[in-house]
Structures are given as structure tokens and as C-alpha cells.
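The values are calculated or read from the model by the stated rules, or taken from the named source; none is laboratory data. Quantities reported herein were computed from a predicted structural model and do not represent experimental measurements. Every residue, glycine as well, gets a Cβ built from its backbone with ideal geometry; the counts of neighbours run over all protein chains shown. What goes into the accessible areas is simple: the full protein's heavy atoms, side chains included, and nothing from ligands, DNA or RNA. Shrake-Rupley method; radii C 1.70, N 1.55, O 1.52, S 1.80 Å.
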Amino acid sequence: MTETRPFVEIRHAKKSYGSLEVLKDISLTVDRGEIVAIIGPSGSGKSTLLRAINDLDPLTGGEVILDGTQVNKALPHRQYEKHINQMRQQIGMVFQHFNLFPHLTVRDNVVMAPKLLKGISEDAAQKLAEEQLAHVGMLERIDYYPSQLSGGQKQRVAIARALAMKPKLMLFDEATSALDPELVEEVNQVMKTLAQEHMTMIIVTHEMEFAADVCDRVIFMDGGVVVEEGPPSIVFQNPTQPRTRDFLRKHL
Ligand code: ADP
Ligand code: MG
């Protein structure tokens, strides 16, 4: 069966902080299995847009639709809580600063959400955690605490933790920006593996080489708008917009 609707759809997304318009009517779609990079200067609204997808940063206007369901639905408080928890279980998010629970071991960091939110058994949750940690090459460190890990290892655990929820969509917000350069590759490698497994991913990154290598499409944002988008071969080698050219001149 062919899919007629996009997997992720952002329609006329607007976001203001007081008089500051951070997102100015952004519309975009992402297909199932597509890997999309969002690039652009600091302050252009990339994080705000990403966080709007799971309604962590609610939009002031517009809609986010995931697999046919509106994420940012206006509902009475109780219903909204239930709805958003269900939606967020389907959306994995990885941040720049890992956000692991420091007082929990790697194992417990990964086990916690599936156990609490999905109500699966202890045994099943343990098995799931072991599988996901093996997948990111961190099974040997399962009984370590985050403080005993390198930044790259922490980030791989954070990815395993997100994957343990079996999300439909993964969002990465500069997942490698806080890492020492020699640790970037091990995290990129995990993201490449996910790409090969056809995980749908939206990746905010300042690593143009990674975006060119892994992503199907690149979206260049500036000043709260999508200035240009297309396959990496076009956006990076033949950008049509002066703002894109200017940005790439400084970052390629
Ligand atoms: P990027 O991720 O592209 O660097 P952000 O989405 O973080 O950009 O920020 C876009 C703009 O929104 C910036 O001007 C930033 O200062 C502003 N901004 C972000 N969060 C807030 C907030 N909570 N309150 C006020 N302004 C904010
Ligand atoms: Mg950001």
C-alpha cells in the first residue's frame, strides 16, 4: 500500500516569545524512513522547531502531525496529558547534553521509561535495555554510572534509552556538539546505523560532512524561516539562496 500522507507534517508553525518571532510560518514534511538534517546559524530557531515536534516548546500557531495524529492538540488538561504522553512515547529525543539521570546506572537509565510508561515486566525491560545497549556498543558498561563514562559513551547510552521506547521518530539536537572531537565519530556511527535501519530521523547538526553523508534532505533555516531545502548534493554544492551560500562559506 502506498502512503498518501506524510509521516511527519508541520503546518504553518509559528512561535513567539513576547514580541520575538522565533518561528515564522514554517511548513515541512518528512517521509517515513527519511533522514532530514536541519542546519542554520545559532538562534535561527532549529531547537525551537525540534522541541515543538513533541510539544516540549508549544507552538503559538500551526500544527504538528505524526503518522496521522496531531501532536499539539488543544485538549482539556487531563486528556492532553494522556495524549501527549502517548505521542512522546513515539518520539525519541537526544539532546546536546545527554540528560542521563546521574544517580542511576546505565542499566536503570535505559530500563526506567519502558517499565514506567509502557508497563512492561521487569524481565522484558531488562532484556530490552540489554538489546539496546548492545546495539550502541555499550553493553559492557551496563552497570556503570554516567559519571564513569566519556561524553561519547554517555550520548550512546542516551540514544539507547530513547530507542528502548521503540519510537517511530528520532529527533537529535546537536547530539555531538558538546563532545571532544575524538568522540564525535562513535556517536555519528550509531546514528549512521539507525539510518541504515530506516529509522525516521530529524537531525539538527552543525556537521555538514555528516549531513551530506547520512541525510536524504537538508533544510537550511535562518531567522525563523526555511530558506532552502533539498538533497545534500544540491543544497551543499549548488545552493540557490544567497543566505545559504553565505552560511556554507563559513561552515563547509
Ligand atoms: P537555534 O537552536 O537555531 O540556535 P533556538 O531555537 O534555540 O535557535 O532559538 C531561537 C531564538 O529563540 C533565539 O533568538 C533564542 O534566543 C530565542 N529563544 C529560545 N528559547 C527562548 C525562551 N525560552 N525565551 C525567550 N527566547 C527564547
Ligand atoms: Mg539549538
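Beyond 14 Å, what share of the Cα-Cα pairs of the range 5-54 is found? Please give it as a whole percent. Summing the P(r) tail past 14 Å for the range 5-54 gives 55 percent. The Rg/Rh ratio of the range 111-205, with Rg taken over Cα atoms and Rh as the Kirkwood radius over Cα pairs, comes to 0.96. Stokes-Einstein, applied to the Kirkwood radius of the range 1-117 over Cα pairs at a viscosity of 1.306 mPa s and 10 °C, places its translational diffusion at 99 µm² s⁻¹. Take each peptide in 117-126, 203-212, count the other Cβ atoms within 10 Å of every residue, and average; sorted highest first, the result is 203-212, 117-126.
With N the number of residues in the range 92-161, Rg(Cα) / (2.2 N^0.38 Å) evaluates to 1.00. Lysine pairs in the range 153-252 whose alpha-carbon atoms fall under 23 angstrom of each other, counting only those eight or more residues apart or on distinct chains, come to 5.
Of all aspartates and glutamates in the structure, those lying under 18 Å Cα to Cα from LYS127, and not within fewer than 8 positions of it along the same chain, are ASP108, GLU140, ASP143. Where a ≥ b ≥ c are the square roots of the eigenvalues of the C-alpha gyration tensor, would you call the range 194-245 rounded, which needs a/c under 1.5, or, failing that, prolate if a/b is larger than b/c, or oblate? Judged from the Cα gyration tensor, the range 194-245 comes out prolate (a/c at least 1.5, a/b above b/c). Shape analysis of the chain based on the Cα gyration tensor places the equivalent ellipsoid semi-axes at 29, 23, 16 Å, largest first. Nonpolar atom fraction for the range 34-92, defined as the carbon and sulfur part of the 1.4 Å probe accessible area, stands at 45 percent.
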